[in-house]
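Enquirer: First the structure, then my questions, so here it is.
The values are calculated or read from the model by the stated rules, or taken from the named source; none is laboratory data. In this text the structure is predicted, and so the values were computed from the model without any measurement. With ideal geometry, Cβ positions are generated from the backbone for all residues, glycine too; neighbour counts draw on all protein chains shown.
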Amino acid sequence: MRIRFLLPLLLLPVLAAPAFAQSPQAPEPTEEELRLAQQRGEAWQAYALRVARLLGRSDGARDLALATLLEATARPAEGEGIAPAGAEARRWREAATTKGAGDTLTQQLLLAAGLAGGDEAAALAAARRWQSLEPGNLAPRVLQGLGPEALLEAAGQSSRNAPDPYPLQRWVAGVLRRHAPSAAEWAAFGEGPRPSAEANAAAWAASLQALLVPDYREVLEACTGRQLGLAGRPEACRHLSELLLARPQTVLDERIGLSMARALTRSAAERAPLDARRRGVDWRQEQMAERAGREDAGDAEAFAHALADASIDTEDALVRRLLSEARLAQDPPAGWAAPWQRPRR
């Protein structure tokens, strides 16, 4: 099993849309390919529902919240959206909400469930409960669908940005490890050789965490373009960039923070340390891509092993660990040019 778990790839819609626009169109799938894809999708849905119903028997708030999330990811499309939750899933959500009122991780799971199921009201309610538990944390505010002005105001009221993705992933992986797919279920997925229970659980946990990736596009535009000329905007954007860069837990937050901070610079001297930091981030992503391309990379097993280490609490630490284990350099050589430093073709 070879996974591509690099969260920075989620930045591509923001930072590389023109490149996608210029890419050749993929060929239309054949009817047979569509049929097989549908079968694989249905197999994943059946597995997710099986695990959800097992977790739904629990009295634990987190188990019930994870059951709610898994059910939401397994729901079929309905019209232009997603089919609504059934009575069983609604009971899980209500019980998790009540039992886990004081638990941040439960609220993160319920937030992800709301997003996965297209239930904006449920997602917003969970995000606000998370916010009430951590009032100085910007992370739950970023996931409330705020416009750029409201988000900048929220940042002004925040003292830190801590989405805490790895405690959540680590807990989810620990639960899913006990519910690995059977041989028959894995064969129905059509995913190649069956991985270990640990690798499957870690990869699945990472995919669920991806639901909580914020959309920074509007506020990035507000903090890097002409809108910087608005009264008070530079100060608001500077504070937001400082929150994102103070100790970023994801590469996405670090990249966005660097873009905002760079837009506020007035000289090459001010830009130099930001560019050096950005080069390091870009280098490590290229090295990770090289690692993923190796036939013997063992992506899933290495990721599972690193995720299990509670000392790893940022994506940068995770990436550095994986590069170190692969004997790949973590920092760029002096002559290396980052993608944005290379001549345009």
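Enquirer: Of the numbered conditions (1) under 24 Å from Tyr166 (Cα atoms); (2) polar (S, T, N, Q); (3) part of a loop (DSSP other than H, G, I, E, B), Ser324 satisfies every one except a single condition; which is it?
Expert: Exception for Ser324: condition (3).
Enquirer: Okay, next question. Considering only residues that are within 22 Å of Pro165 (Cα to Cα), in a loop (DSSP other than H, G, I, E, B) and not charged (D, E, K, R), which ones fall in the range 291-321?
Expert: Ala308, Ala310, Ser311, Ile312, Thr314, listed by residue number.
Enquirer: Same structure, new question: Exactly one condition in (1) farther than 21 Å from Leu168 by Cα; (2) in contact with a strand residue (DSSP E or B) (Cβ under 9 Å, 6 or more places away or on another chain) is not met by Ala121; state its number.
Expert: (2)
Enquirer: Among the listed residues Ala199, Ala222, Ala205, identify the single one that is under 23 Å from the mean Cα position of the chain (by Cα), crowded, with 16+ Cβ neighbours inside 10 Å and under 26 Å from Arg262 (Cα atoms).
Expert: Testing whether each residue is under 23 Å from the mean Cα position of the chain (by Cα), crowded, with 16+ Cβ neighbours inside 10 Å and under 26 Å from Arg262 (Cα atoms) leaves just Ala222.
Enquirer: Any chance the range 177-192 includes a residue that's acidic (Asp, Glu) and surrounded by fewer than 17 Cβ atoms within 10 Å (Cβ to Cβ)?
Expert: yes
Enquirer: Name every residue in the range 74-100 that is farther than 18 Å from Ala48 by Cα, modelled with pLDDT under 85 and part of a loop (DSSP other than H, G, I, E, B), in order of residue number.
Expert: Within the range 74-100, Gly79, Glu80 meet the criteria.
Enquirer: For the range 227-238, does any single residue satisfy the condition of being within 22 Å of the chain's Cα centre (by Cα) and either surrounded by 17 or more Cβ atoms within 10 Å (Cβ to Cβ) or within 24 Å of Ala261 (Cβ to Cβ) (or both)?
Expert: Taking the range 227-238 as the starting set, the residues that turn out to be within 22 Å of the chain's Cα centre (by Cα) are none.
Scanning the range 227-238 turns up no residue that is within 22 Å of the chain's Cα centre (by Cα) and either surrounded by 17 or more Cβ atoms within 10 Å (Cβ to Cβ) or within 24 Å of Ala261 (Cβ to Cβ) (or both).
Enquirer: Please work out if Gly114 is closer than 24 Å to Arg170 by Cβ, touching a Lys or Arg at 6+ places or on another chain (Cβ under 7 Å) and in contact (Cβ under 8 Å) with a residue 24 or more places away in the chain.
Expert: Spelling it out, it is not the case that Gly114 is closer than 24 Å to Arg170 by Cβ, touching a Lys or Arg at 6+ places or on another chain (Cβ under 7 Å) and in contact (Cβ under 8 Å) with a residue 24 or more places away in the chain.
Enquirer: How many residues, within the range 239-270, are surrounded by 14 or more Cβ atoms within 10 Å (Cβ to Cβ) and more than 17 Å from Glu153 (Cα to Cα)?
Expert: 18
Enquirer: Answer yes if at least one residue in the range 321-339 is of a type in the set (Lys, Arg), touching a residue at least 40 places away in the same chain (Cβ under 8 Å) and surrounded by fewer than 20 Cβ atoms within 10 Å (Cβ to Cβ), and no otherwise.
Expert: No: zero hits.
Enquirer: Here's another thing I want to ask about it. For the range 229-252, what are the residues that are closer than 14 Å to Tyr216 by Cα and not in a helix (DSSP H, G or I)?
Expert: Thr250
Enquirer: Being outside any helix (DSSP H, G or I) and either under 20 Å from the mean Cα position of the chain (by Cα) or among the polar types (S, T, N, Q) (or both) is true for just one of Pro167, Pro163, Pro140, Pro135. Which residue is that?
Expert: After applying the criteria, what remains is Pro163.
Enquirer: Which condition from (1) free of Cβ contacts under 8 Å to residues at least 24 places away in the same chain; (2) in a helix (DSSP H, G or I) is the one that Ala202 breaks?
Expert: That leaves (1) as the condition not met.
Enquirer: Can you tell me which residue in the range 271-315 is farthest from Ala197 (Cα to Cα), limited to those that are surrounded by fewer than 16 Cβ atoms within 10 Å (Cβ to Cβ) and within 18 Å of the chain's Cα centre (by Cα)?
Expert: Ala289
Enquirer: Across the range 255-275, what is the total count of residues that are in a helix (DSSP H, G or I), touching a Pro at 6+ places or on another chain (Cβ under 8 Å) and either of a type in the set (A, V, I, L, M, F, W, C) or without any contact (Cβ under 8 Å) to a residue 24 or more places away in the chain (or both)?
Expert: 1
Enquirer: Something else about it: Mind listing whichever residues of the range 46-73 are in a helix (DSSP H, G or I) and of a type in the set (Lys, Arg)?
Expert: Those that are in a helix (DSSP H, G or I) and of a type in the set (Lys, Arg): Arg50, Arg53, Arg62.
Enquirer: Among the residues of the range 77-91, is any without any contact (Cβ under 8 Å) to a residue 40 or more places away in the chain and buried (at least 20 other Cβ atoms within 10 Å of the Cβ)?
Expert: yes
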